[in-house]
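Novice: Before we start, here is the structure in question, set down as structure tokens.
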Amino acid sequence: MADPMNVYRFAPSPTGYLHLGNARTLLLNALPARAGGKFILRLDDTDAARVREEFVAGIREDLAWLGIAPDEERRQSEREEIYRAAFERLRAAGRIYPAYETPEELERARRLARLSGRPPVYDRRALRLTEAERAALEAEGRRPHWRFRLSEGRIGWPDGFRGPQEIDLASLSDPVIVRDDGAFLYVFSSVVDDADLGVTSVVRGEDHVTNTAVQLDMFAALGATPPAFAHHNLLTRADGEGLSKRQGSLSLRSLREQGVEPLAVAAYAALIGSSEAVRPVADLGELAALVASARPSRAPARIDPDELAALSAKTVHALDFQAVAPRLEQLGVGGGAVFWETVRGNLATLAEAADWWRIAREAAAPSSPALEDVPLLAEAVRSLPAEPWDETTWKSWTAGLSAATGRKGRALFAPLRLALTGLPHGPELARLLPFIGRERALARLTEAQLRAASSSPAEGDG
Ligand code: GLU
């Protein structure tokens, strides 16, 4: 009986660090799996010359950072026997043939085809070689690469995003599936894996549309049921350039280092250039629901780093204490949910919570108050209430200060904020003050008063 479970996979080649565009592919596969299904991370690592273990580790780290835990991990480099068996079956069925052209010869043939107005499609010259000719080429020291012989005619599929698709196989070259050094190529090993692992759904970038035609023909040749395919639009840099694993700036790793919030990266990668507006989400479950109804646009989507930064800040502002508690603990931030709720609205990145914790509990930068603030600061020191403090302390203290000094609004609050935190902006002082506590508040106000008294009037006049 057929297993009715949906099986999804993300299949990066570990030849570089994942970028935002890879994250889009990842999420469009991993999020639907949350609704009931299996999600496989498949490492397409057969290209030994370009694969590096540090990229494998990087991919695992990036997934964990985004909150994606694969149900299974497979490495193509460990599955060669399975590819070999499938290769032999296709060979026995006459669907695979050896070819001996060098890359230079192939390039020349393509150039000639273009010059004479023909499409640059491989002319199957190797298919017509006799036994003797092959033997002669091998005697020359040439080793064969192997091509899959495509069927005649057109092949179509109902693309999950692009609607009905159809490609004439005659417009494509028979794909090379084994290199002359014996390495299996992705276009083939991917089909064998998808069939063997029972993958039911493949979402990938539009750059794979042609591969899908070729691969559907391979599924048919292997007698395997193909997955449903959907191809999403690609993401580009702000200047319209495509993303590459070799350029670092939009890698997930560099975004992580910049402190961009992973949930914002996920929301941005999944929603940009789709029918759903880019917006902050509370968790991946909410994002999964949006992704389920989103349709990617047809045009490529440009990444705007400022938009991502703004989304990241908004995402942080709405994060629940429960969701961030372990990270706050790691940053050495205390104060529980109350402190988090006091500062989160002022953060550009979560790590900045640690700056506010230091300001509250350790040291504030020395402020440079004006001479004219001396009476206010002196009165502030004199009338600073006794502890215990709570969120009402600020209001009653400053009401008394206002009555005593005649100051109101900015003239009253700005010098106090500067003296207490060392900064002109920040979280609501009513909520922050209890974390600063009387001892530190008194010391800071006293110091500010002394500095104000020793500042010159000219400085004070601005
Ligand atoms: N390794 C391929 C890539 O990174 C996988 C494509 C696919 O999803 O089939 O482009």
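The values are calculated or read from the model by the stated rules, or taken from the named source; none is laboratory data. Please read these numbers as outputs of a predicted model, since none were measured by experiment. Cβ atoms come from the backbone with ideal geometry, glycine included; neighbour counts cover every protein chain shown. To get the accessible areas, we keep the full protein, side chains included, count just its heavy atoms, and leave off ligands, DNA and RNA. Shrake-Rupley method; radii C 1.70, N 1.55, O 1.52, S 1.80 Å.
Novice: Return the residue satisfying two criteria in turn: it lies in the stretch 39-62 and is aliphatic (A, V, I, L, M) and under 21 Å from D193 (Cα atoms), and of such residues it is surrounded by the fewest Cβ atoms within 10 Å (Cβ to Cβ). Working first, answer last.
Specialist: From the stretch 39-62, those aliphatic (A, V, I, L, M) are 40-41, 43, 48-49, 51, 56-57, 59; that's our starting set.
Those still in the list that are under 21 Å from D193 (Cα atoms) too: 40-41, 43, 48, 51, 56, 59.
Details: I40: 22, L41: 22, L43: 21, A48: 9, V51: 18, V56: 16, I59: 23.
For the stretch 39-62, the residue satisfying everything is A48.
Novice: Farther than 30 Å from A228 by Cα, open to solvent by 60 Å² or more (accessible area, probe 1.4 Å) and of a type in the set (A, V, I, L, M), is that true of L127?
Specialist: Spelling it out, L127 is indeed farther than 30 Å from A228 by Cα, open to solvent by 60 Å² or more (accessible area, probe 1.4 Å) and of a type in the set (A, V, I, L, M).
Novice: Check the stretch 163-180 and report whether any residue there is exposed (fewer than 11 other Cβ atoms within 10 Å of the Cβ) and either modelled with pLDDT under 95 or assigned to a loop (DSSP other than H, G, I, E, B) (or both).
Specialist: No, the stretch 163-180 contains no residue that is exposed (fewer than 11 other Cβ atoms within 10 Å of the Cβ) and either modelled with pLDDT under 95 or assigned to a loop (DSSP other than H, G, I, E, B) (or both).
Novice: So R75 passes all but one of these: (1) over 13 Å from L252 (Cα atoms); (2) charged (D, E, K, R); (3) out of contact with any Asp or Glu (no Cβ under 6 Å at 6 or more places or on another chain). Which condition number does it fail?
Specialist: Looking at each condition in turn, R75 falls short on (3).
Novice: Scanning for something under 22 Å from A289 (Cβ atoms) and either within 14 Å of the ligand (Cβ to nearest atom) or aromatic (F, W, Y) (or both), does the stretch 51-68 turn up at least one residue?
Specialist: yes
Novice: So G153 fits all but one of (1) open to solvent by less than 30 Å² (accessible area, probe 1.4 Å); (2) of a type outside the set (D, E, K, R); (3) touching a helix residue (DSSP H, G or I) at 6+ places or on another chain (Cβ under 8 Å); (4) without any contact (Cβ under 8 Å) to a residue 24 or more places away in the chain; what number is the exception?
Specialist: Status for G153: all satisfied but (1).
Novice: Looking for whichever is closer than 30 Å to S312 by Cα and hydroxyl-bearing (S, T, Y) here; the options are T446, T393, T405, T421. Which one fits?
Specialist: T421
Novice: Further question on the same structure: Within the stretch 330-359, how many residues are part of a loop (DSSP other than H, G, I, E, B) and of a type in the set (A, V, I, L, M, F, W, C)?
Specialist: Of the residues in the stretch 330-359, 6 are part of a loop (DSSP other than H, G, I, E, B) and of a type in the set (A, V, I, L, M, F, W, C).
Novice: Scan the stretch 360-394 residue by residue and report those that are within 45 Å of the chain's Cα centre (by Cα) and assigned to a helix (DSSP H, G or I).
Specialist: Residues satisfying the conditions are A360, R361, T393, W394.
Novice: Here is a list: E140, E78. Which entry is surrounded by fewer than 18 Cβ atoms within 10 Å (Cβ to Cβ) and under 40 Å from the mean Cα position of the chain (by Cα)?
Specialist: Numbers: E140 fails: under 40 Å from the mean Cα position of the chain (by Cα).
Just a single option satisfies the conditions, and that option is E78.
Novice: Taking the conditions exactly as written (in a loop (DSSP other than H, G, I, E, B), more than 30 Å from L234 (Cβ to Cβ) and of a type outside the set (D, E, K, R)), does G198 satisfy them or not? Spell out how you get there, then give the answer.
Specialist: Values: in a loop (DSSP other than H, G, I, E, B): yes; more than 30 Å from L234 (Cβ to Cβ): no; of a type outside the set (D, E, K, R): yes.
So G198 fails the test.
Novice: Give the residues of the stretch 326-348 that are open to solvent by 70 Å² or more (accessible area, probe 1.4 Å), more than 26 Å from the chain's Cα centre (by Cα) and not aliphatic (A, V, I, L, M), sorted by residue number.
Specialist: Hit for the stretch 326-348 is E341, nothing else.
Novice: Take R451 and decide whether it is crowded, with 17+ Cβ neighbours inside 10 Å, in contact with a helix residue (DSSP H, G or I) (Cβ under 8 Å, 6 or more places away or on another chain) and of a type in the set (K, R).
Specialist: no
Novice: Also: Here are A69, A93: which of them is within 24 Å of F184 (Cβ to Cβ) and aliphatic (A, V, I, L, M)?
Specialist: None of the other options fit; the residue is A93.
Novice: Of all residues in the stretch 96-119, which are touching a Leu at 6+ places or on another chain (Cβ under 9 Å) and either part of a helix (DSSP H, G or I) or surrounded by 13 or more Cβ atoms within 10 Å (Cβ to Cβ) (or both)?
Specialist: I96, Y97, P98, A99, Y100
Novice: For the stretch 25-38, give me the residue count where each residue is crowded, with 22+ Cβ neighbours inside 10 Å and away from the ligand (no atom under 12 Å from the Cβ).
Specialist: Result for the stretch 25-38: 4.
Novice: Let me ask something else. Which ones in the stretch 181-194 are of a type outside the set (S, T, Y), near the ligand (Cβ under 9 Å from one of its atoms) and more than 18 Å from G223 (Cβ to Cβ)?
Specialist: V187
Novice: Restrict the check to the stretch 267-282 and report whether at least one residue is in contact with a Gly (Cβ under 8 Å, 6 or more places away or on another chain), more than 16 Å from the ligand (Cβ to nearest atom) and on the phi < 0 side of the Ramachandran plot. Give the steps one after another, and end with the answer.
Specialist: Just the residues of the stretch 267-282 that are in contact with a Gly (Cβ under 8 Å, 6 or more places away or on another chain), to begin with: 269.
Checking which are more than 16 Å from the ligand (Cβ to nearest atom) leaves us with none.
Taking every residue of the stretch 267-282 in turn, none turns out to be in contact with a Gly (Cβ under 8 Å, 6 or more places away or on another chain), more than 16 Å from the ligand (Cβ to nearest atom) and on the phi < 0 side of the Ramachandran plot.
Novice: Looking only at the stretch 82-95, which residues are part of a helix (DSSP H, G or I) and open to solvent by less than 40 Å² (accessible area, probe 1.4 Å)?
Specialist: Correct list: Y83, A86, F87, L90.
Novice: Counting only residues that are open to solvent by less than 20 Å² (accessible area, probe 1.4 Å), more than 30 Å from P164 (Cα to Cα) and part of a loop (DSSP other than H, G, I, E, B), how many does the stretch 283-320 have?
Specialist: 1
Novice: Then there is this: Quick one: which of D47, D3 is within 13 Å of the ligand (Cβ to nearest atom), modelled with pLDDT under 95 and not polar (S, T, N, Q)?
Specialist: Unique residue meeting the criteria: D47.
Novice: Output the number of the condition that R91 fails; it satisfies all remaining conditions of (1) under 16 Å from the mean Cα position of the chain (by Cα); (2) away from the ligand (no atom under 14 Å from the Cβ); (3) basic (K, R).
Specialist: (1) is the only condition that R91 fails.
Novice: I need the full set of residues from the stretch 195-224 which are in contact with a helix residue (DSSP H, G or I) (Cβ under 9 Å, 6 or more places away or on another chain), open to solvent by less than 30 Å² (accessible area, probe 1.4 Å), within 9 Å of the ligand (Cβ to nearest atom) and closer than 16 Å to T25 by Cα, in order please.
Specialist: V202, V203, R204, G205
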